[in-house]
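To start, the structure under review is shown below, and the notes come after it.
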Amino acid sequence: MTTNELALAIDIGGTKMAVGLVDRRGRLVDRDSVRTDRDKRANDLYESLAHVIRRQVQRASERHGAPITTVGIGAAGPIEPDCASISPLNIPAWRRFPLREAIVDTLAGVEVTAPVFGDLDAKAFALAEGWLGAASGHSNFIGMVVSTGVGGGIVIDGRILDGATGNAGHIGHVIVNPDGHRCSCDARGCLEAEASGTAIEAITGRPPTEPSYEIMQRTGRMVGIAVASVCNLFDLSLAVVGGSVALGFGPTFFHAAQEVIDQNCRLSFSAGARIVPARLGDQGPLIGAASVGWRGLNRAAARASAPE
């Protein structure tokens, strides 16, 4: 396959870190991944990611014959703007880890000088689903990932909300059960503490790949509470949800969530709000990371061409 130019897409998650190559049309043409070993020290963990980055850079040239013109990162948060540093709650070794600088250094070592842009992984996911997925054609929606952790990205009038530090959309830390379980952020009853894969295993003693019917229903209800609150707050009528937990639990999860949304979205503008599965499947995170890269490149070009 030959493409004109490629984005190097990097997705940082609590279970795995993935790197891929995505073209301007949003096609994922190559990818690789490595397990997120939480027992490793910060630099050792990064080196396992750097190894995969170097391998994808090599494939861009040798297998696809195309230059890498931008780099996009989607990372679990909190983050600082453009992933200058990241502090994922589910990756204890990385606290204010200078991810962007580390990636720039790695790319310099293989003679890639493309600009590097970063954002929250769930915001990247929302960009991807709005571009090519279940939210395509919608200007107002929330994209959510329910997996090892829980994250979100909110799109209003066609623009994703950033917030003061780039961390807007952290729906995983909306309180859905005030007397609930302690969260990794140290609050109690956050959605992430009640519905993430990590939380499900802690609550049930079983991996989220082996859920009971009751757990699938409960997880859907918890997500439904959070989504209803966000729809009422931001005048939304669509939630697109991906991630291994949500998609793995399937119709039981989505039906339970929709019931709760129907019960709690009663305002004229939020009544009828829907929750639907993501359309891009396991390609979504990398297409999302690439979206961050293409968006950054497009913005830089627009600034450069703007009249002084």
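In percent, rounded to a whole number, the relative contact order of region 189-264 is 36, using alpha-carbon pairs under 8 Å and six or more apart.
Out of every Cα-Cα pair that region 74-114 contains, those further apart than 12 angstrom amount to 56 percent.
If you wrap a convex hull around the C-alpha atoms of the chain and split its volume per residue, what is the figure in Å³? Let's see the in-between values first.
Working: hull volume 42.0 nm³, N = 308.
Convex hull volume per residue, Cα atoms: 136 Å³.
Tell me, what is the percent relative contact order of the chain, built from C-alpha pairs under 8 Å that lie six or more residues apart? Before the final figure, lay out the partial values.
Working: 707 pairs, mean separation 59.7, N = 308.
It comes to 19 percent, rounded to a whole number.
Translational diffusion of region 262-307 was estimated from the Stokes-Einstein equation, with Rh taken as the Kirkwood radius over Cα pairs; at 4 °C and 1.567 mPa s the coefficient is 92 µm²/s.
Across region 134-278, C-alpha contacts under 8 Å between residues 6 or more apart give a mean separation that, scaled by the residue count, equals a relative contact order of 25 percent. P(r) tail for region 134-278: Cα pairs beyond 19 Å make up 47% of the total. Counted residue by residue at 0.36 nm each, then reduced by the alpha carbon distance between them, the extension gain from residue 55 to residue 263 reaches 69.9 nm. Packing order of peptides 149-159, 208-218, 289-299, 37-47, highest average first: 289-299, 149-159, 208-218, 37-47 (average count of other Cβ atoms within 10 Å over each peptide's residues).
Over the chain, dividing the summed -39,500 (n - 2.57) contributions of all DSSP H runs of at least 4 residues by the number of residues returns a 222 nm mean residue ellipticity of -13000 deg cm²/dmol.
State the extension gain, in nm to one decimal, for the chain segment bounded by residue 44 and residue 185, taking 0.36 nm per residue of separation less the distance between their alpha-carbons. Numbers along the way, then the final one.
Details: separation 141, 0.36 × 141 = 50.76 nm, distance 2.45 nm.
The residue 44-residue 185 span can extend by a further 48.3 nm.
With R₀ set to 25 Å, the beta-carbon distance separating residue 162 from residue 96 gives a calculated FRET efficiency near 0.80.
Membrane-span-like helices in the chain (whole DSSP H runs, Cα extent of at least 24 Å along the helix axis, mean Kyte-Doolittle hydropathy of at least 0.0): 213-234, 244-264, 284-305.
Quick one: if the Förster radius is 35 Å, what FRET efficiency do residue 111 and residue 202 give, using the C-beta to C-beta distance and rounding to 0.05?
Working: r = 45 Å, r/R0 = 1.29.
That pair, residue 111 with residue 202, gives E of 0.20.
With a simple spin-label model that places each label point 7 Å from the Cα along the Cα-to-Cβ direction, the separation between residue 304 and residue 15 comes to 3.9 nm. Rounded to the nearest 0.05, what FRET efficiency is calculated for residue 27 and residue 235 with R0 set to 30 Å and r the Cβ-Cβ distance? After rounding, the FRET efficiency stands at 0.35. Using equal-weight Cα scatterers in the Debye expression, the normalised intensity of region 16-61 in log10 at q = 0.15, 0.22, 0.29 Å⁻¹ is -0.42, -0.73, -1.01.
Calculated from the alpha-carbon coordinates, region 109-185 shows an Rg and a Dmax of 15.1, 53 Å respectively.
Read-outs throughout are calculated quantities, based only on the coordinates presented, and are distinct from any laboratory measurement. Quick caveat, the model's predicted, so the values are computed rather than measured. In this analysis, Cβ positions are derived from the backbone assuming ideal geometry, glycine residues included, and neighbour counts consider all displayed protein chains.
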